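The values are calculated or read from the model by the stated rules, or taken from the named source; none is laboratory data. All values reported here derive from a predicted model rather than from experimental measurement. Because the Cβ atoms are built from the backbone with ideal geometry, glycine has one as well, and the counts that use them run over all protein chains shown. To get the accessible areas, we keep the full protein, side chains included, count just its heavy atoms, and leave off ligands, DNA and RNA. Shrake-Rupley method; radii C 1.70, N 1.55, O 1.52, S 1.80 Å.
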Amino acid sequence: MIEVRGLHKRFGAHTALHEVDLDVARGEVVVVVGPSGSGKSTLCRCLNRLESPDAGTIRIDGAELPAEGRELARLRADVGMVFQSFNLFQHKTILQNLTLAPTRVRGLSRDEAERNARELLDRVGIGAQAGKLPAQLSGGQQQRAAIARALAMKPKAMLFDEPTSALDPEMVGEVLDVMTELARDGMTMVVVTHEMGFARQVADRVVFMADGEIVESGTPSEFFDSPATDRARDFLAKVLSH
Amino acid sequence: MNVITDHLSEFGHGLVLTVELTLLSLAGALVAGVVVAAMRVSPVRALRAAGMAYVEVLQNIPLLVWLVIAVFGLPEIGVIAGLFTTSVVVIVLYQGAYTAEAIRSGINSVPAGQGEAARALGLTFTQSLRLVILPQALRTVVQPLGNIAIMTLMNTALAAAVGVVELTAAANRVNLAEAKPIWIFVTAGLAYMALSGLFGLVTGVLERKWAILR
Ligand SMILES: Nc1ncnc2c1ncn2[C@@H]1O[C@H](COP(=O)(O)OP(=O)(O)OP(=O)(O)O)[C@@H](O)[C@H]1O
Ligand SMILES: [Mg+2]
């Protein structure tokens, strides 16, 4: 479903991604972990070209991501993205947040888009908030709305960049629950997260990044129980120690 | 006091023309401002350069000079338009440069994540600008746009210099006949103050109504 080859990204003199290859099969849930600054967000953002790579190719469902223009917009519509900071449209209600892209990009009628949107909002448990503005919702509710907004485009895959890192601890669970459900329903997912419990229970595969490279990749039990590299062992010792 | 009541119709006509000049100029400047601001943030380098050149050229020559160039220069190259029309177009282009800068500052104040979320959903650059960024940007610059509106109103007085008989020119004419400058120009000044006060009120109402909850 997602095929990354030789991905390279520099910011000035700093190399953020170096020779990254990654394959995500249809329905697979890949969790990306690694220390801060290792390039996880950059990888995630390159996958739908919010960041343009300096070298390498990315294929989504067989089609190579074009550099820009309408064609790129069309392919992006097939890949949902959820951000750490939610990024709900502040001037629109939750319902309008969900219907904007389906009507403007997919050409759905307003009625149909609203019907889908309400269904999705019910599915993530915030049906009652449809008419409110984003700022009137709690962080956990906002992030669930953002997930629903991405799902409203009926994407082939979903990218999550630390979706729970900006949340108060008591709201992390409700968002992870929605993501777990989504994984069970067979969604193809790439999830950058520090939630090791989620990685262990939901991931099909854990990818460990350090210094812009994929250092290790394996099933959760391989990675957590018998990491192959010192760097992964160090990292796990730090994150699992508390 | 008779000097005012005797010439009410002159003052009235002048005032109407001032209001017309101002409202047409404001509408045009808003359109020009949005277009130029969009050019200045576009991913196309040539558009960015053109937008910047527009602002620099328009802002760095006085409005009065532009008015004189247009009124006396355009007929020389075969463009014949009425004084009122010419004045409106010139004021639109001139105020459009200031409006563009205000709107651009509003665009820059919208968090980058808003545009990223829009593009990640498959909206094109133009769609995300029009549907997500601009509506938020405009709401944050209601106050500066209100100031530009008042500046536009004041600047319409310069049209008097090229023969448009708006409020200032009307007052001047009355004064030529009556020679009571204090009464006449204080009256004109009060009319300008009343109009700009009205703009201030409208700005305040819009700002409260459109405030974005963050
Ligand atoms: N827009 C940018 N300009 C310059 N440098 C950047 C930019 N974005 C990221 N970087 C740098 O690239 C490197 C990788 O950043 P990235 O955000 O991908 O790390 P990360 O693994 O997501 O870290 P974190 O866990 O803190 O989110 C970092 O050193 C960062 O400073
Ligand atoms: Mg990150």
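Descriptive notes on the structure:
- Computed over the protein assembly as shown, the ratio Rg/Rh where both radii use C-alpha atoms and Rh is Kirkwood: 1.14
- Accessible area buried by the pairing of A and B, both sides summed with a 1.4 Å probe, works out to roughly 2000 Å².
- Placing R0 at 35 angstrom, the Cβ-Cβ distance between residue B:52 and residue B:209 gives a FRET efficiency of 0.60 after rounding to 0.05.
- Rounded, prolate or oblate (a/c below 1.5 giving rounded, otherwise prolate when a/b exceeds b/c) for the range A:112-166 by Cα gyration tensor: oblate
- 1.4 Å probe accessible area per residue over the protein assembly as shown, in Å²: 46 Å²
- Convex hull volume per residue for the range B:18-166, taking Cα atoms only, in Å³: 110 Å³
- Each of A:67, A:16, A:107 was scored by the projection of its Cα onto the charge dipole of the range A:2-240, and the greatest displacement toward the positive side belongs to A:107; charges sit on the C-beta of Lys, Arg, Asp and Glu.
- Accessible surface, 1.4 Å probe, highest first, among residues A:194, A:14, B:13: B:13, A:14, A:194
- Over the range A:89-242, Cα pairs under 8 Å with separation of 6+ residues give a relative contact order of 16 percent.
- Of the whole protein surface, residue A:19 contributes about 110 Å² of accessible area at a 1.4 Å probe radius.
- Stokes-Einstein translational diffusion, the range A:2-240 - Kirkwood Rh over all Cα pairs, 0.890 mPa s, 25 °C, in µm²/s: 134 µm²/s
- Surface share of carbon and sulfur [accessible, 1.4 angstrom probe, percent] for the range A:2-240: 42 percent
- Taking all protein chains as they are arranged and a probe of 1.4 Å, the heavy atoms of residue A:132 leave approximately 80 Å² accessible to solvent.
- The solvent-accessible area of residue B:69, taken with every protein chain present and a 1.4 Å probe, is close to 90 Å².
- Residues residue B:27 and residue B:126, FRET efficiency given R0 of 22 Å [Cβ-Cβ distance, rounded to 0.05]: 0.50
- Proximal aspartates and glutamates relative to residue A:156, as straight alpha-carbon distance under 14 Å, when same-chain residues fewer than 8 apart are discounted: A:3, A:28, A:61, A:78, A:185
- Computed on protein heavy atoms with a 1.4 Å probe, the accessible areas place B:173, A:76, B:40, A:106 in the order B:173, A:106, B:40, A:76, largest first.
- Partners of residue A:238 within straight-line reach, counting lysines whose Cα lies under 19 Å from its Cα and excluding those fewer than 8 residues away in the same chain: A:40.
- Around residue B:91: net Lys/Arg minus Asp/Glu count, Cβ-Cβ under 15 Å: -2
- Spacing of the modelled spin labels on residue B:35 and residue A:59, each 7 Å from Cα toward Cβ, amounts to 4.5 nm.
- Buried on assembly, the range A:55-85 (at least 40 Å² less accessible surface than by itself, 1.4 Å probe): A:73, A:76
- Percentage relative contact order, the range A:173-220, counting C-alpha pairs under 8 Å, at least six apart: 26 percent
- Cα convex hull volume per residue for the range A:13-84 (Å³): 115 Å³
- Across the range A:178-242, the volume of the C-alpha convex hull divided among the residues equals 89 Å³ per residue.
- Near residue B:156, once Lys and Arg are set to +1 and Asp and Glu to -1 for all other residues with Cβ below 15 Å from its Cβ, the sum equals -2.
- The relative contact order of chain B comes to 31 percent, based on Cα pairs under 8 Å that sit 6 or more residues apart.
- One Cα centroid belongs to the range B:119-136, the other to the range A:140-199; the line between them spans 23 Å.
- Computed in the context of the full set of protein chains, the accessible area of chain B at 1.4 Å probe radius has 70% of its extent on carbon or sulfur.
- Sparse packing (at most 15 other Cβ atoms within 10 Å of the Cβ) combined with a DSSP loop state is found for none of the GluC sites (Glu not before Pro) in the range B:158-213.
- Dipole magnitude of the range A:24-182, debye to nearest 20 (Cβ charges: Lys/Arg +1, Asp/Glu -1, about Cα centre): 540 debye
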